[in-house]
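The values are calculated or read from the model by the stated rules, or taken from the named source; none is laboratory data. Everything quoted here is computed from the prediction, not taken from an experiment. Don't worry about glycine lacking a Cβ; one is built from the backbone with ideal geometry, like all the others, and counts go over all protein chains shown.
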């Protein structure tokens, strides 16, 4: 049985832009990542602006980089919400498959989309997500904690492999 967590709220005492990511922590099981809905919310931005979201401090083979992961529109009140859906949601594919899992999509023998894992996922750690305004100098940051897969996550991924949904090369 799982535990529900309270929806994270903005600090009413902070007047500068703020951003929240939910969940704040993700485990790197393939099935877990693909089944997760990510929600990024911001406030305090210039109304009717656009924001770009990047994840900072991502280690690649020989350097540390910032990777753009989302963009969104700011409403008339200075708020934005970016939501990915569980599964193969186009808005979240780059982030989930390309950034977190460092995997690709392929097609199995049944003609269904599958995840093809060819390298280790993003290293575990605490990463900064940063929203950058397109038309002003406003920015906001929040943290995303990335942990390794749990035993249950590994079992789900093993089952996904047996079902032709996940292939590890």
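Here is a check on your reading of the model: is residue 115 surrounded by 13 or more Cβ atoms within 10 Å (Cβ to Cβ), touching a residue at least 24 places away in the same chain (Cβ under 8 Å) and in contact with a helix residue (DSSP H, G or I) (Cβ under 9 Å, 6 or more places away or on another chain)? Give the steps one after another, and end with the answer.
On the way: surrounded by 13 or more Cβ atoms within 10 Å (Cβ to Cβ): yes; touching a residue at least 24 places away in the same chain (Cβ under 8 Å): yes; in contact with a helix residue (DSSP H, G or I) (Cβ under 9 Å, 6 or more places away or on another chain): yes.
For residue 115, the condition - surrounded by 13 or more Cβ atoms within 10 Å (Cβ to Cβ), touching a residue at least 24 places away in the same chain (Cβ under 8 Å) and in contact with a helix residue (DSSP H, G or I) (Cβ under 9 Å, 6 or more places away or on another chain) - is met.
Sort out which residues of the stretch 27-44 are in a loop (DSSP other than H, G, I, E, B), within 12 Å of the chain's Cα centre (by Cα) and over 13 Å from residue 82 (Cβ atoms), and write them in order of number. So that I can check it myself, show each step before the final result.
Step one: filter the stretch 27-44 for residues in a loop (DSSP other than H, G, I, E, B), giving 28-29, 35-38, 44.
With within 12 Å of the chain's Cα centre (by Cα) added as a condition, the list becomes 28, 35-38.
Within the stretch 27-44, 28, 35, 36 qualify.
I need the full set of residues from the stretch 124-169 which are outside any strand (DSSP E or B), under 30 Å from residue 107 (Cα atoms) and over 20 Å from the mean Cα position of the chain (by Cα), in order please.
So in the stretch 124-169, the residues outside any strand (DSSP E or B) come out as 124, 134-138, 148-165, 169.
Still in the list and also under 30 Å from residue 107 (Cα atoms): 124, 148-165, 169.
Listed by number, the residues that qualify are 151, 152, 155, 158, 159, 160, 161, 162, 163, 164, 165, 169.
What number of residues in the stretch 34-55 are loosely packed, with under 14 Cβ neighbours inside 10 Å and modelled with pLDDT under 95?
Initially, the stretch 34-55 is screened for residues loosely packed, with under 14 Cβ neighbours inside 10 Å, giving 35, 37, 47-48.
Narrowing the set further to residues that are modelled with pLDDT under 95 leaves 35, 37.
Number satisfying all stated conditions: 2.
For the stretch 103-112, what are the residues that are surrounded by fewer than 16 Cβ atoms within 10 Å (Cβ to Cβ), touching a residue at least 12 places away in the same chain (Cβ under 8 Å) and part of a loop (DSSP other than H, G, I, E, B)? Can you show your working first?
Going through the stretch 103-112, the residues surrounded by fewer than 16 Cβ atoms within 10 Å (Cβ to Cβ) turn out to be 104-112.
So of that shortlist, the ones also touching a residue at least 12 places away in the same chain (Cβ under 8 Å) come out as 104-106, 108-110, 112.
Residues satisfying the conditions are 108, 109, 110, 112.
Taking the stretch 62-102 as the region of interest, how many residues are in a loop (DSSP other than H, G, I, E, B) and modelled with pLDDT under 95?
Of all residues in the stretch 62-102, those in a loop (DSSP other than H, G, I, E, B) come to 62-63, 74-79, 84-92, 101-102.
Next cut, modelled with pLDDT under 95 only: 62-63, 84-92, 101-102.
So the count comes out to 13.
Looking at (1) over 26 Å from residue 49 (Cα atoms); (2) touching a residue at least 60 places away in the same chain (Cβ under 8 Å); (3) within 12 Å of the chain's Cα centre (by Cα), which is the one condition that is false for residue 121?
Here residue 121 meets the rest and fails (3).
Can we say residue 47 is farther than 24 Å from residue 123 by Cβ, free of Cβ contacts under 8 Å to residues at least 40 places away in the same chain and more than 13 Å from the chain's Cα centre (by Cα)? Even if it seems obvious, please write down each step before you answer.
On the way: farther than 24 Å from residue 123 by Cβ: yes; free of Cβ contacts under 8 Å to residues at least 40 places away in the same chain: yes; more than 13 Å from the chain's Cα centre (by Cα): yes.
Yes.
Cβ contacts < 9 Å: first residue at positive phi and touching a residue at least 12 places away in the same chain (Cβ under 8 Å), restricted to the stretch 51-67; second residue surrounded by 10 or more Cβ atoms within 10 Å (Cβ to Cβ) and in a strand (DSSP E or B), any location; separation 6+ or different chain. Result?
Close Cβ pairs satisfying both conditions: 57/65; 57/66; 57/125; 57/126; 57/127; 57/128.
Is there a residue in the stretch 9-26 that is under 25 Å from residue 97 (Cα atoms), in contact with a helix residue (DSSP H, G or I) (Cβ under 9 Å, 6 or more places away or on another chain) and not in a loop (DSSP other than H, G, I, E, B)?
Residues of the stretch 9-26 that are under 25 Å from residue 97 (Cα atoms), as a first pass: 19-26.
With the extra rule that they be in contact with a helix residue (DSSP H, G or I) (Cβ under 9 Å, 6 or more places away or on another chain), the set shrinks to 26.
Retained after the next criterion (residues that are not in a loop (DSSP other than H, G, I, E, B)): 26.
Within the stretch 9-26, one or more residues are under 25 Å from residue 97 (Cα atoms), in contact with a helix residue (DSSP H, G or I) (Cβ under 9 Å, 6 or more places away or on another chain) and not in a loop (DSSP other than H, G, I, E, B).
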